[in-house]
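First up is the structure itself, then whatever we jot down about it.
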Amino acid sequence: MNFGKYKFGEWMRDLTSLANPIILILVPLCFLRLTPAFYVLLIGLAVNEIVGSLIKLLFHKPRPDGQKYGGALEKIDAGSFPSLHAARITVVYATLAWLSPNVFFTVLFIVVILTVGYSRTFLKRHFWADVLGGYALGGIIFAVMTFYF
């Protein structure tokens with residue numbers, strides 16, 4: 001086994017977990033506290049999950065690894081398009097980047113968005129089109145949310 005490639009794969013799994021819904025609630029809570037912007041972001045995340053799941057259910061596209069499924073919920077999980085990780089990370093970190101007065105954090109949040117997208121293809125959970133579709137979905141939700149900030 002190539003240790004370097006194994007370690008890089010481990011890092012990619014760690015980075016992709018930044019799009020875990022629990023982390024995507026805790027990180028904004030640290031930056032935004034219990035402000036109206038935080039609550040708008042929570043609504044945006046909920047809309048993202050509903051719309052993304054409906055797309056996956058109605059227009060099923062298999063994942064690169066061909067994940068099997070039985071029922072409707074498993075079908076959503078086995079769907080590749082759009083990448084909900086990419087959509088979630090875009091909604092949250094684009095919002096944080098947009099609201100951040102600190103250039104360092106703005107750049108960091110954008111790098112996180114791009115890195116999580118790359119990790120999804122590296123781990124063979126999505127094709128690039130799926131990640132770009134997730135970025136588009138998240139970007140649309142982010143754009144709509146900005147009217148409420």
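Quick note: the coordinates plus some simple rules give every number you see, no bench work behind them. These numbers come from a predicted model, not from an experiment. Heads up, the Cβs are rebuilt from the backbone with ideal geometry, glycines too, and the neighbour counts pull from every protein chain shown.
Laid out as a table, the results:
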item	result
Greater than 21 Å apart at Cα, pairs in LYS56/LYS124; LYS5/LYS61; LYS5/LYS124; LYS7/LYS75; LYS7/LYS56; LYS7/LYS124	LYS5/LYS61; LYS7/LYS75; LYS7/LYS56
Tilt relative to the chain, helix 3-16 - C-alpha long axis, 0 to 90 degrees, to 10	50 degrees
Among LEU26, LEU96, LEU114, residue whose mean-square fluctuation peaks in a GNM of the chain (springs only between Cα atoms under 10 Å)	LEU26
The chain: angle of helix 23-32 to the longest principal axis, Cα-based, in degrees nearest 10	10 degrees
The range 78-143: trypsin sites (Lys or Arg not before Pro) in DSSP loop, at most 11 other beta carbons within 10 Å	LYS124
Principal-axis tilt of helix 103-122 within the chain, Cα atoms, nearest 10 degrees	10 degrees
The range 90-149: translational diffusion in µm²/s, Stokes-Einstein, Kirkwood Rh over Cα pairs, 10 °C, 1.306 mPa s	132 µm²/s
Structure-based [θ]222 nm, the chain - -39500 (n - 2.57) summed over DSSP H runs of at least 4, per residue, nearest 500	-24000 deg cm²/dmol
Max mean-square fluctuation residue, GNM over the chain, Cα-Cα springs under 10 Å, options LEU42, LEU58, LEU123	LEU58
Largest to smallest principal axis extent of the C-alpha atoms in the chain, angstrom	42, 40, 22
Neighbourhood net charge (13 Å Cβ-Cβ; Lys/Arg +1, Asp/Glu -1) for LYS75	+2
Among ILE22, ILE76, ILE110: highest mean-square fluctuation, GNM of the chain, C-alpha pairs under 10 Å	ILE22
Under 5 Å, built H, 5+ apart or other chain: amide partners of GLY79	none
Relative contact order computed over the chain (Cα-Cα under 8 Å; 6+ residues apart), in percent	32 percent
